[in-house]
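The values are calculated or read from the model by the stated rules, or taken from the named source; none is laboratory data. These numbers come from a predicted model, not from an experiment. Here Cβ is always computed from backbone atoms with ideal geometry, including for glycine, and neighbour counts include all displayed protein chains.
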Amino acid sequence: MTSILVLHGPNLNLLGEREPHIYGHDTLDDINGRLAAMCASNGHEFQTLQSNAEHELVDRLHAARNDGTDFILINPGAFTHTSVALLDAFLATGIPFIEVHLSNLHRREDFRQKSFLASAAVGTIVGLGAQGYELALQAAFKQLADKT
Ligand code: DQA
């Protein structure tokens, strides 16, 4: 069975309450619940972690090297725009990933225009709200199916 890891960065534990005009009304549990159901019905294992700490996300990526993780979805939150450490961790794991953002970064502040991770990602989805995660997961299913 293939295994998909979904990582959520800082402040995403507050989804549903946090600036809902930007990030929507769905909670993280709502989003994870839908992704878990999609994985179950497609025969994939679903794992997830939300952390506000950069080192916990880095440590989880290191663990993914040896725990059978086949594909990763990540919304790195603000670490998108700051974290060489996360980029290096992804390069070290070599596991393919898709970067997801709820908001359309291209329409936002200058400091949100740069992603340190995007150059290493299979692809990115921005601006489609919570649906972006489901679209990314469908893309992950296709990538995994094409590989086998
Ligand atoms: C975000 C965009 C980031 O700039 C921001 O820091 C977030 C959420 C998004 O999903 O739109 O925390 O990643």
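Looking only at residues in the stretch 4-25 that are free of Cβ contacts under 8 Å to residues at least 60 places away in the same chain, part of a loop (DSSP other than H, G, I, E, B) and out of contact with any Leu (no Cβ under 9 Å at 6 or more places or on another chain), the one that is nearest to residue 40 (Cα to Cα) is 17.
Residue-by-condition table, conditions (1) more than 14 Å from the chain's Cα centre (by Cα); (2) under 18 Å from residue 19 (Cα atoms); (3) crowded, with 17+ Cβ neighbours inside 10 Å:
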| residue | (1), (2), (3) |
| --- | --- |
| 38 | yes, no, yes |
| 75 | no, yes, yes |
| 82 | yes, no, no |
| 92 | yes, no, no |
| 108 | yes, yes, no |
| 117 | no, no, yes |
| 122 | no, no, no |
| 132 | no, yes, yes |
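Among the residues making up the stretch 109-124, a single one is more than 13 Å from residue 82 (Cβ to Cβ), within 11 Å of the ligand (Cβ to nearest atom) and of a type in the set (D, E, K, R): 109.
Report whether or not residue 139 is more than 16 Å from the ligand (Cβ to nearest atom) and farther than 19 Å from residue 14 by Cβ.
Working: more than 16 Å from the ligand (Cβ to nearest atom): yes; farther than 19 Å from residue 14 by Cβ: yes.
Judged against the criteria, residue 139 is a match.
Within 14 Å of the ligand (Cβ to nearest atom) and hydrophobic (A, V, I, L, M, F, W, C): does that describe residue 31?
Details: within 14 Å of the ligand (Cβ to nearest atom): yes; hydrophobic (A, V, I, L, M, F, W, C): yes.
Yes; evaluated as a whole, the condition is true for this residue.
Is at least one residue of the stretch 39-52 modelled with pLDDT of 95 or more, of a type in the set (Ser, Thr, Tyr) and within 21 Å of residue 140 (Cα to Cα)? Checked the stretch 39-52: at least one residue is modelled with pLDDT of 95 or more, of a type in the set (Ser, Thr, Tyr) and within 21 Å of residue 140 (Cα to Cα).
Residue-wise test of (1) more than 16 Å from the ligand (Cβ to nearest atom); (2) among the hydrophobic types (A, V, I, L, M, F, W, C); (3) in contact with a helix residue (DSSP H, G or I) (Cβ under 9 Å, 6 or more places away or on another chain).
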residue: 9; (1), (2), (3): no, no, yes
residue: 14; (1), (2), (3): no, yes, yes
residue: 17; (1), (2), (3): no, no, no
residue: 35; (1), (2), (3): no, yes, yes
residue: 38; (1), (2), (3): yes, yes, yes
residue: 48; (1), (2), (3): no, no, yes
residue: 69; (1), (2), (3): yes, no, yes
residue: 80; (1), (2), (3): no, no, yes
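When residue 1 is tested against (1) surrounded by fewer than 16 Cβ atoms within 10 Å (Cβ to Cβ); (2) more than 15 Å from the ligand (Cβ to nearest atom); (3) not in a loop (DSSP other than H, G, I, E, B), only condition (3) is not met.
Among residues of the stretch 59-75 that are more than 15 Å from residue 8 (Cβ to Cβ) and in contact (Cβ under 8 Å) with a residue 60 or more places away in the chain, those with a beta-carbon under 9 Å from a residue that is among the polar types (S, T, N, Q) and in a strand (DSSP E or B) at least six positions away or on a different chain give the pairs 67/3; 67/47; 68/3; 69/3; 69/47; 70/3; 71/3. Filter the stretch 138-148 down to the residues that are over 23 Å from residue 91 (Cβ atoms) and buried (at least 17 other Cβ atoms within 10 Å of the Cβ) and list them by number. If the condition is that a residue be over 23 Å from residue 91 (Cβ atoms) and buried (at least 17 other Cβ atoms within 10 Å of the Cβ), then 141 is the only one that fits.
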